[in-house]
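The block underneath contains the structure these notes are about, expressed in structure tokens.
The values are calculated or read from the model by the stated rules, or taken from the named source; none is laboratory data. Values in this document were obtained by computation on a predicted structure and should not be read as measured data. Note: ideal-geometry Cβ built from the backbone for every residue, glycine included; neighbour counts use all protein chains shown.
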Amino acid sequence: MARMKKPQTPKVVREGFGHLPDGAASEMVKLRGDNGFEARIITYGAALQAIFTPDRAGHLADVVLGRDDLEGYVAVRRFLGATIGRYANRIANGAFELDGHRFQLPTNDGRNALHGGLVGFDRKNWTITALGEKPAPFVTLSYDSPDGEEGYPGRLQTSITYSISGAMELSAAFSAETDKPTIVNLTNHSFFNLAGVEAGGRGILDHHLTIAADTYLPVSAAGIPLGGPSRVDGAPFDFRIPHRVGVRLRDAFEQVQIRQGYDHNFCLRGGGTGDPRLAARVEDPRSGRVLEVLTNQPGVQFYSGNFLDGTVTGKYGRVHRQYDALCLEPQVYPNTPNRPDYPSARLDPGQTYRHTSRYRFSAS
């Protein structure tokens, strides 16, 4: 008698994720790799809602902050796992010039524009335009930003494809095209805790971090870069060899104190590249979980969760407190439109903006 084949677990699952106040439906797509690895993407904000990955003993845990339901994301804007655009990070005074024209953006971070303005891409319900299991589990989401939205020039047609690019690796490939000269800086804003979010009580101060950067950008108290890159030598910003995130957090060093921790762009060696290369590595020694971030972008913003203030309760009933999670946001530099000496964020008609980052997980 022929043996019955065990049904295979689907590698891509699409399901509902609530409704927005205007009645529009939000959806979730689950992408599955090996060893229980799974990434959950929601259309609201094209956000990573969860990533499950095993520790050295094979135990799975969710390692990114998020909310249990759509209502939580809509009620409080915290950028949890979201796609950030049109411009990630800060633009000084919310203003820039392009080809002799001055553009004024809404200011939503003191005097500065932050993460796309008042209603950035993280507050949009993206459209699923493709998904499937071949050549690897993937989903593509798109958003069409009209000319003038949040003060930015040009219609911007944007897409992001999340895919399982390795056994336990998630790739995020952004692309965008415009019909007028504009600026673009897209990124993912996931908050990682490799100890596992559900466990609670263990922040990221004991995580070991390495960043492939010899320089970083000192900033003002408002987070705007003060000038050109500074060497990391002899400073709490030297992560060229692994250091515990918290080991120098209390040092009497102004750049750490003014932002209550790390919230700085690190200038990656070699600048922007054609293909992703290793930008940062994080390890939780207790669980053995490791995250490697690879990107083709010239910089990565390291944020140590300084302003998680206990006012938001996330998944598993866990309150998000200071240093509970960290962000590694591949990007061009902050305030680039006002700094011709920085790598350009300009996009012209006929060009295609491309940003690819990979999040590679393992256990040691």
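Observations, loosely collected:
- Residues in segment 304-313 that are surrounded by fewer than 22 Cβ atoms within 10 Å (Cβ to Cβ) and not β-branched (Val, Ile, Thr): Asn306, Phe307, Leu308, Asp309, Gly310.
- Among the residues listed as His243, His264, the single one being closer than 20 Å to Gln322 by Cα and out of contact with any helix residue (DSSP H, G or I) (no Cβ under 8 Å at 6 or more places or on another chain): His243
- Residue among Gln257, Gln301, Gln297 that is loosely packed, with under 14 Cβ neighbours inside 10 Å, closer than 24 Å to Gly227 by Cβ and of a type in the set (S, T, N, Q): Gln257
- Verdict on Glu283 being at pLDDT 95 or above and within 15 Å of the chain's Cα centre (by Cα): no
- Residues in segment 4-49 that are polar (S, T, N, Q), part of a loop (DSSP other than H, G, I, E, B) and farther than 21 Å from Leu60 by Cβ: Thr43 alone.
- Within segment 252-295, the residues that satisfy the criterion of being free of Cβ contacts under 8 Å to residues at least 60 places away in the same chain and farther than 28 Å from Arg354 by Cα are Ala252, Phe253, Glu254, Gln255, Val256, Gln257, Ile258, Arg259.
- Every pair of residues 6+ apart whose Cβ atoms lie under 9 Å, when the first sits in segment 316-344 and is without any contact (Cβ under 8 Å) to a residue 40 or more places away in the chain and surrounded by fewer than 16 Cβ atoms within 10 Å (Cβ to Cβ) while the second is of a type in the set (Val, Ile, Thr) and outside any strand (DSSP E or B): Val319/Thr311; Val319/Val312; Ser344/Val332; Ser344/Thr336
- Remark: pairs (first residue in segment 120-139, free of Cβ contacts under 8 Å to residues at least 40 places away in the same chain; second residue assigned to a strand (DSSP E or B); Cβ separation under 6 Å; 6+ apart in sequence or on different chains) = Thr129/Thr140; Thr129/Ser142; Ala130/Thr140; Ala136/Ser163; Ala136/Ile164.
- Subset tally (residues that are of a type in the set (Lys, Arg), within 22 Å of the chain's Cα centre (by Cα) and under 22 Å from Asp284 (Cα atoms)) for segment 243-260: 1
- Flag if Asp68 is of a type outside the set (Gly, Ala, Ser) and loosely packed, with under 15 Cβ neighbours inside 10 Å: yes
- Segments classed as strands (runs of 3 or more DSSP E), wholly inside segment 60-112, with at least 1 members that are touching a helix residue (DSSP H, G or I) at 6+ places or on another chain (Cβ under 9 Å) and within 30 Å of Arg40 (Cα to Cα): 60-62, 82-84
Table: residues versus (1) touching a strand residue (DSSP E or B) at 6+ places or on another chain (Cβ under 9 Å); (2) hydrophobic (A, V, I, L, M, F, W, C); (3) farther than 27 Å from Gly317 by Cβ.
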| position | (1), (2), (3) |
| --- | --- |
| Thr53 | yes, no, no |
| Arg56 | yes, no, no |
| Ile84 | yes, yes, no |
| Arg102 | yes, no, yes |
| Leu118 | no, yes, yes |
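- Selection within segment 38-61 - in contact (Cβ under 8 Å) with a residue 40 or more places away in the chain and β-branched (Val, Ile, Thr): Ile41, Thr43, Ile51, Thr53
- Qualifying residue in segment 126-134 (condition: over 25 Å from Leu60 (Cβ atoms) and either buried (at least 20 other Cβ atoms within 10 Å of the Cβ) or among the acidic types (Asp, Glu) (or both)): yes
- Those residues of segment 192-205 which are farther than 18 Å from Arg244 by Cβ and either surrounded by 24 or more Cβ atoms within 10 Å (Cβ to Cβ) or among the hydrophobic types (A, V, I, L, M, F, W, C) (or both), in sequence order: Val197, Ala199
- Qualifying residue in segment 270-291 (condition: among the polar types (S, T, N, Q) and touching a strand residue (DSSP E or B) at 6+ places or on another chain (Cβ under 6 Å)): no
- Across segment 206-231, the qualifying residues are those that are assigned to a loop (DSSP other than H, G, I, E, B) and touching a Ser or Thr at 6+ places or on another chain (Cβ under 8 Å), and the one among them that is surrounded by the most Cβ atoms within 10 Å (Cβ to Cβ) is Leu217.
- Taking the criterion of being touching a Lys or Arg at 6+ places or on another chain (Cβ under 8 Å), surrounded by fewer than 23 Cβ atoms within 10 Å (Cβ to Cβ) and more than 20 Å from Asp275 (Cα to Cα), the residues of segment 155-189 that qualify are Arg155, Asp179, Lys180, Pro181.
- Qualifying residue in segment 111-118 (condition: free of Cβ contacts under 8 Å to residues at least 60 places away in the same chain, under 18 Å from Leu186 (Cα atoms), in contact with a Leu (Cβ under 7 Å, 6 or more places away or on another chain) and hydrophobic (A, V, I, L, M, F, W, C)): yes
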